[in-house]
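Written out below as structure tokens is the structure these notes cover.
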Amino acid sequence: MVISDRLAQVPDSYFAKTMGQPVEHGPLPLINMAVGIPDGETPTGIIDCFTDALREPNNQKYVAFHGKETFKQAIVDFYQRQYDVVLDKDDEVCILYGTKNGLVALPSCIVNPGENVLLPDPGYTDYKAGVLLADAHPQPLVLEPPYYLPQWDKVDRDILKNTRLVYLTYPNNPTGSVATQAVFDEAVAQFKGTKTKIVHDFAYSAFGFDHKNPSILQTEGAKDLAIEVFSLSKGYNMSGFRVGFAVGNKDMIQALKKYHTHTHAGMFGALQDAATYALNHYDDFLDEQSNIFKQRRDTFEAKLKEENIPFEPMKGGIFLWLKTPPNFDGESFVDYLLQEQSILVAPGIPFGEHGKNYVRISLALDDEQLKVAAERIQSLRHLYE
């Protein structure tokens, strides 16, 4: 096999290995609860806009590397409207062909070989790849139940001294935990005046059940050291479009933009037009999305509580973090659920060492499938006794 030493040290992506692969399961009809995207359709208005934009001659040619003025302005207007955050569309906005591209590229843009990067544990699986590709050192930022929030006083001082970048993500994938503005205030205060920067992955921004999810950029002084990465995939049911953006600290943004001028030749113009339309016209749709998943959360958690099956409280996002029975770890419980109940979930271990005894359950299914899945899991109460 021909592969560089640098790439060889990066673990295979769990979801690249499993997504779309044939699944052998038990005799019941399969229920796939491993999917990390909302199950609804993209709103008709966005599809219609995209269809019209495909026929626009200017969209059939190369476009500006850093994006259309209309798209960048829509991002600025959206953040002003939703979070009362003022952005400069040229200095503080970077358009991304899928937010994963920005999140994985960022260490190569601003971190030097040998420096530390703090990664949430549990947290999104692919952050680590970007750190390793930058020849930097991934270090765990341990998040403890039930709230899964940073505890800066528990991070080794020597590790912090050599930390260049910290990843945060709320609502958290996979735990469903959320942050208040005070959490972001504390994080910004922790690294103010240091060389350490922060990136907040805001992929599940639309899904906040007890309160609206805050932006880290609402914290005073956040733009001095932080960027936020926003995805249209989840809130707008646009996962296949692969559109997102980063906003905030101008130095980090300019580094990302430089990187992307060498790796991407500008986003397809019709995609930008569809994304612009989404940001400008579908604020109410984001609220509807949150309400749908809140109702699903309420119903599913109630079923688990009836049988005293342990889970972490789901405050946002689209995932429930389920504790495994005493004699299982996450991977063995995934196999058990698949063979005995024909339910496919994700093991917790790809999300960090502290996910070993959990599985991640997606609520991105219709009500009938969720009802059946809940009943099948309820039948496993004896495993927890």
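For this structure, a couple of remarks:
- Matching residues in region 91-105 - criterion: being at pLDDT 95 or above and assigned to a loop (DSSP other than H, G, I, E, B): Asp91, Glu92
- A residue that is in a helix (DSSP H, G or I) and in contact (Cβ under 8 Å) with a residue 24 or more places away in the chain can be found somewhere in region 154-166.
- Tyr167 touching a helix residue (DSSP H, G or I) at 6+ places or on another chain (Cβ under 9 Å), closer than 20 Å to Gly98 by Cα and modelled with pLDDT of 95 or more: yes
- Lys250 under 16 Å from Gly102 (Cβ atoms), at pLDDT 95 or above and open to solvent by 60 Å² or more (accessible area, probe 1.4 Å): yes
- The set of residues in region 198-222 being more than 26 Å from Asn116 (Cβ to Cβ) and in a helix (DSSP H, G or I) consists of Gln218 alone.
- Residue in region 106-115 that is in a helix (DSSP H, G or I) and more than 24 Å from Gly221 (Cα to Cα) present: yes
- If you filter region 307-330 down to residues that are assigned to a strand (DSSP E or B) and open to solvent by 10 Å² or more (accessible area, probe 1.4 Å), you find that the one that is farthest from Val345 (Cα to Cα) is Phe311.
- Some residue of region 67-75 being open to solvent by 20 Å² or more (accessible area, probe 1.4 Å) and acidic (Asp, Glu): yes
- Among the residues listed as Asp52, Asp48, Asp84, the single one being surrounded by 14 or more Cβ atoms within 10 Å (Cβ to Cβ), acidic (Asp, Glu) and out of contact with any Cys (no Cβ under 6 Å at 6 or more places or on another chain): Asp52
- For region 1-39, the candidate set comprises residues that are modelled with pLDDT of 90 or more and in a loop (DSSP other than H, G, I, E, B); within that set, the residue that is nearest to the chain's Cα centre (by Cα) is Ala34.
- Check on Thr99, surrounded by fewer than 20 Cβ atoms within 10 Å (Cβ to Cβ) and either in the same structural domain as Gly348 (by the TED database) or among the hydroxyl-bearing types (Ser, Thr, Tyr) (or both): no
- Among the candidates Tyr62, Tyr79, the residue that is assigned to a helix (DSSP H, G or I) and either under 24 Å from His281 (Cβ atoms) or of a type in the set (Ser, Thr, Tyr) (or both) is uniquely Tyr79.
- For the residues Thr175, Thr169, Thr163, the requirement of being open to solvent by less than 10 Å² (accessible area, probe 1.4 Å), in contact with an Asp or Glu (Cβ under 8 Å, 6 or more places away or on another chain) and closer than 14 Å to His200 by Cα singles out Thr169.
- Tally, over region 55-66, of residues that are under 19 Å from His264 (Cβ atoms) and open to solvent by less than 100 Å² (accessible area, probe 1.4 Å): 4
- Residues within region 253-266 that are more than 30 Å from Pro43 (Cβ to Cβ) and open to solvent by less than 30 Å² (accessible area, probe 1.4 Å), tallied: 1
- Just one of (1) touching a helix residue (DSSP H, G or I) at 6+ places or on another chain (Cβ under 7 Å); (2) open to solvent by 20 Å² or more (accessible area, probe 1.4 Å) fails for Ser239. It is (1).
- Options Leu304, Leu322, Leu344, Leu337: the member that is under 12 Å from Pro174 (Cα atoms), of a type in the set (A, V, I, L, M, F, W, C) and touching a helix residue (DSSP H, G or I) at 6+ places or on another chain (Cβ under 9 Å): Leu322
- Lys195 being of a type in the set (D, E, K, R), part of a loop (DSSP other than H, G, I, E, B) and open to solvent by 10 Å² or more (accessible area, probe 1.4 Å): yes
- Odd one out for Asp201, checked against (1) surrounded by 23 or more Cβ atoms within 10 Å (Cβ to Cβ); (2) over 22 Å from Val10 (Cβ atoms): (2)
- Only a single item in (1) closer than 30 Å to Cys49 by Cβ; (2) of a type in the set (D, E, K, R); (3) within 19 Å of the chain's Cα centre (by Cα) is not met by Glu288, and it is number (3).
Yes/no matrix, rows are residues, columns are (1) at positive phi; (2) crowded, with 23+ Cβ neighbours inside 10 Å; (3) modelled with pLDDT under 95:
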position: Tyr336; (1), (2), (3): no, no, no
position: Val345; (1), (2), (3): no, yes, no
position: Ile349; (1), (2), (3): no, no, yes
position: Glu353; (1), (2), (3): no, no, yes
position: Val359; (1), (2), (3): no, yes, no
position: Leu370; (1), (2), (3): no, no, no
position: Ala374; (1), (2), (3): no, no, no
position: Gln378; (1), (2), (3): no, no, no
position: Glu385; (1), (2), (3): no, no, yes
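The values are calculated or read from the model by the stated rules, or taken from the named source; none is laboratory data. Because the structure is predicted, anything quoted here is derived from the model rather than measured. Cβ: placed from backbone, ideal geometry, glycine included. Neighbour counts: every protein chain shown. Remember, those area values only see protein heavy atoms, side chains included, never the ligands or the DNA or RNA. Shrake-Rupley method; radii C 1.70, N 1.55, O 1.52, S 1.80 Å.
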